[in-house]
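This report refers to the structure that appears directly beneath it.
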Amino acid sequence: MRDQQLIKFLITALAVFISGILLPYVDVANVWVAIALAAILALLNRFVKPLLVMLTIPATIFTLGLFLFVVNGIIIFIADWLVPDKYFSVGNFFMGMVFSFLVSLTTSVLENLMGVEKKK
């Protein structure tokens with residue numbers, strides 16, 4: 001079980017690094033920063049995101065779930081605020097939402113290619 005979690009974490013770090021390379025206005029300095037950023041995002045998604053989702057339930061229902069993209073963008077901007085700009089920066093809020101989506105998509109594709117099991 002722990003091996004699966006480590007593999008998922010490293011895949012997320014790789015997805016962060018790849019997304020940082022592909023997107024304009026998003027700068028991830030190197031692989032080590034991507035690993036640190038993956039850890040920060042994991043903590044934010046574990047502790048802050050549920051609170052944000054609970055606070056924005058009316059907006060999420062009204063937009064049929066699309067407001068969750070905004071919540072993900074907020075998580076990325078919190079990470080941008082925590083990590084110094086010389087290591088990680090996001091140019092604008094829209095790029096934060098696109099970065100979040102691309103990291104999620106890349107992580108999903110890489111996990112499927114590597115045969116990582118889903119949570120039960």
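Given that compact globular proteins tend to follow 2.2 N^0.38 Å, what is the ratio of the alpha-carbon Rg of the chain to that value?
Details: Rg = 14.3 Å, N = 120, 2.2 N^0.38 = 13.6 Å.
In units of the 2.2 N^0.38 Å rule of thumb, it is 1.05.
So which aspartates and glutamates pass the test for LYS8, namely a Cα distance under 14 Å, with those fewer than 8 places away in the same chain ruled out?
GLU111, GLU117
SER89 to ILE57: extension gain in nm, 0.36 nm per residue of separation minus the Cα-Cα distance? Before the final figure, lay out each step's value.
Values: separation 32, 0.36 × 32 = 11.52 nm, distance 2.85 nm.
Extending this stretch completely gives an extra 8.7 nm.
Where does the charge balance sit around ALA42 when Lys and Arg score +1, Asp and Glu -1, over other residues with C-beta under 12 Å from its C-beta? If you can, show how the numbers build up before the last one.
Working: positive: LYS8, ARG46, LYS49; negative: none.
Result for the neighbourhood of ALA42: +3.
Hey, which aspartates and glutamates would be in cross-link range of LYS118, C-alpha to C-alpha under 18 Å, not counting anything within fewer than 8 residues on its own chain?
Answer for LYS118, where 18 Å is the Cα cut-off: ASP3, listed by chain and number.
Set the Förster radius R0 to 22 Å, insert the Cβ-Cβ distance between ASP3 and VAL48 as r into 1/(1 + (r/R0)^6), and round the FRET efficiency to 0.05. It would help to have the intermediate numbers written out before the result.
Numbers: r = 27 Å, r/R0 = 1.23.
Between ASP3 and VAL48 the formula returns 0.20.
List every DSSP H helix in the chain whose Cα atoms extend 27 Å or more along the helix's own long axis and whose mean Kyte-Doolittle hydropathy is at least -1.0. Can you show the working numbers first?
Working: long enough: 2-22 (30 Å, 1.23); 93-114 (31 Å, 1.52).
Once both thresholds are applied, what remains is 2-22, 93-114.
Could you give the length gained by full extension between PHE69 and LEU82, i.e. 0.36 nm per residue of separation minus their alpha carbon distance, to one decimal place?
On the way: separation 13, 0.36 × 13 = 4.68 nm, distance 2.01 nm.
Additional length available on full extension: 2.7 nm.
Based on DSSP H runs of at least 4 residues, each adding -39500 (n - 2.57), what is the mean residue ellipticity at 222 nm of the chain after dividing by all its residues, to the nearest 500 deg cm²/dmol? Please report the intermediate quantities before stating the final value.
Numbers: 6 runs with 89 residues, N = 120.
Result for the chain, helices only: -24000 deg cm²/dmol.
Values in this text are rule-based calculations from the coordinates and carry no lab data. Just so it is clear, the structure is predicted and the values come from calculations on it, not from any experiment. Glycine also receives a Cβ, built like all others from the backbone with ideal geometry; neighbour counts cover every protein chain displayed.
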